[in-house]
Amino acid sequence: MRHLTDDPTPPSAFISGASGFIGGALAAYLHTQGWRVTAGVRPGSEAKLPAGHPYRVMAAPLKGVPPVALRGQVVFHAAAIRNRWGTPPSRYHEINVEGTRALLEAAAAGGARRFVYLSSVGVYGWPGLAMMDESTPVDDSPAATPYHRSKIAAESVVRTFADRLETVIVRPTITCGPGDRDGMLTRLLAMLRAGRFLPVGRGGNTIHLTDIADLCRGLELAGRHPAAPGETFILSGPQPVRVRDLLEKACALLDVRLPPVFLPVPLALAAGWGMAGLYRGLHLSSEPLITPEKVRNLTARRGFSHAKAARLLGYQPQISIEETLQRTLAWMQAENLLPD
């Protein structure tokens, strides 16, 4: 069997969710690497693609992508409803699970070369482990968020197609960098700049971020490498970072002071549960300032190993947290996304 790495002709990619942060960055990166890119977007989202882009555009819902459009393509499935306040579980299932199933059916019927599914390390929950890897059990308990349960279910669907086409599952850590208008790091930088961030806990725990440039390189490997099919990979940044160190580095770049006081974790969790319950009870569509998941993301001890991706694919993240902060801040300044 000829592999993509053996083929001298430029590979072709179909990227669902190409108008989003990860999908858009991947489309731009693959184009620079010589790929022919088809940008899959929701109808009406074509304007979110960059002006003058060089891509072929397929505007169709996930359940409406014609199989012929995927013939010979490496399908990168980045489209999903992200973890957003107020989204009902049924909506996550409809888009993240059944939408994935529909695109897989089209890929198999159309003769796609490979299907790379973008999942999330969120499938592990918050077990408080320092170096989780692909063997760590996923958390499909009732305590898991509907978004993360939908990702676990979608991964299961992907695996059922392994005998019909080459499939790869990729679990990125929290991804950040230029272009992420509503990500954890951009929101954190904006809140620090505005003086509206109150640290939760003492910051001794670790968080693991991945720069978008490293993720794009890892995704290309997942799409091309002969060792990738049938596998699940964690793609992470070079190493975890202590939350306190992250905050101090961000404050130094912003030339602001980190608040000297912090909110104890139990009190923050109680406030998160209370505010979430209040918003649900009042049927408010806006997102609460604090939720239990936000507290866990900043206070849980989390770290991930990309050793499997390094061993099988040659994946080596190159961008330090310092460089990611600098790149993100420069982009936010250029886009006028920082409060005065």
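The values are calculated or read from the model by the stated rules, or taken from the named source; none is laboratory data. Because the structure is a prediction, the values reported are computed rather than measured. Glycine also receives a Cβ, built like all others from the backbone with ideal geometry; neighbour counts cover every protein chain displayed.
If I filter segment 73-89 for residues that are in a helix (DSSP H, G or I) and loosely packed, with under 15 Cβ neighbours inside 10 Å, do I get at least one hit? So that I can check it myself, show each step before the final result.
First, pick out the residues of segment 73-89 that are in a helix (DSSP H, G or I): 89.
Filter once more, keeping what is loosely packed, with under 15 Cβ neighbours inside 10 Å: 89.
Scanning segment 73-89 turns up at least one residue that is in a helix (DSSP H, G or I) and loosely packed, with under 15 Cβ neighbours inside 10 Å.
Working only within segment 102-115, note down all residues that are in a helix (DSSP H, G or I) and either surrounded by fewer than 17 Cβ atoms within 10 Å (Cβ to Cβ) or among the small types (G, A, S) (or both).
Keep residues of segment 102-115 that are in a helix (DSSP H, G or I), which gives 102-110.
Those that are in a helix (DSSP H, G or I) and either surrounded by fewer than 17 Cβ atoms within 10 Å (Cβ to Cβ) or among the small types (G, A, S) (or both): A102, E105, A106, A107, A108, A109, G110.
Is there a residue being assigned to a loop (DSSP other than H, G, I, E, B), closer than 28 Å to D133 by Cα, in contact with a Pro (Cβ under 9 Å, 6 or more places away or on another chain) and in contact (Cβ under 8 Å) with a residue 60 or more places away in the chain anywhere in segment 216-233? Spell out how you get there, then give the answer.
Keep residues of segment 216-233 that are assigned to a loop (DSSP other than H, G, I, E, B), which gives 225-231.
The next check asks that each one be closer than 28 Å to D133 by Cα; those that pass are 225-231.
Subsequent filtering for residues that are in contact with a Pro (Cβ under 9 Å, 6 or more places away or on another chain) retains none.
No.
From the list L269, L258, L278, which residue is surrounded by 13 or more Cβ atoms within 10 Å (Cβ to Cβ) and either part of a helix (DSSP H, G or I) or among the β-branched types (V, I, T) (or both)?
Details: L258 fails: either part of a helix (DSSP H, G or I) or among the β-branched types (V, I, T) (or both); L278 fails: surrounded by 13 or more Cβ atoms within 10 Å (Cβ to Cβ).
Checking each option against the conditions leaves just L269.
Read through the list (1) of a type outside the set (A, V, I, L, M, F, W, C); (2) part of a helix (DSSP H, G or I); (3) touching a helix residue (DSSP H, G or I) at 6+ places or on another chain (Cβ under 8 Å); (4) over 23 Å from I212 (Cβ atoms), then give the number of the only condition that K294 fails.
(4)
Return only the number of the condition from (1) at pLDDT below 95; (2) outside any loop (DSSP other than H, G, I, E, B); (3) small (G, A, S) that A144 does not satisfy.
(2)
With the structure loaded, tell me whether L312 is surrounded by fewer than 19 Cβ atoms within 10 Å (Cβ to Cβ), touching a residue at least 40 places away in the same chain (Cβ under 8 Å) and touching a helix residue (DSSP H, G or I) at 6+ places or on another chain (Cβ under 6 Å) or whether it fails that test. Spell out how you get there, then give the answer.
Details: surrounded by fewer than 19 Cβ atoms within 10 Å (Cβ to Cβ): yes; touching a residue at least 40 places away in the same chain (Cβ under 8 Å): yes; touching a helix residue (DSSP H, G or I) at 6+ places or on another chain (Cβ under 6 Å): no.
So L312 fails the test.
Quick one: count up the residues across segment 46-70 that are more than 27 Å from S120 (Cα to Cα) and either in contact with a His (Cβ under 7 Å, 6 or more places away or on another chain) or surrounded by 14 or more Cβ atoms within 10 Å (Cβ to Cβ) (or both).
2
Among the residues in segment 30-37, are any out of contact with any helix residue (DSSP H, G or I) (no Cβ under 6 Å at 6 or more places or on another chain), surrounded by 21 or more Cβ atoms within 10 Å (Cβ to Cβ) and not in a loop (DSSP other than H, G, I, E, B)?
Among the residues of segment 30-37, at least one is out of contact with any helix residue (DSSP H, G or I) (no Cβ under 6 Å at 6 or more places or on another chain), surrounded by 21 or more Cβ atoms within 10 Å (Cβ to Cβ) and not in a loop (DSSP other than H, G, I, E, B), which makes the answer yes.
So which of L284, L289 is over 20 Å from A190 (Cβ atoms), surrounded by 12 or more Cβ atoms within 10 Å (Cβ to Cβ) and at pLDDT below 85?
On the way: L289 fails: over 20 Å from A190 (Cβ atoms).
Testing whether each residue is over 20 Å from A190 (Cβ atoms), surrounded by 12 or more Cβ atoms within 10 Å (Cβ to Cβ) and at pLDDT below 85 leaves just L284.
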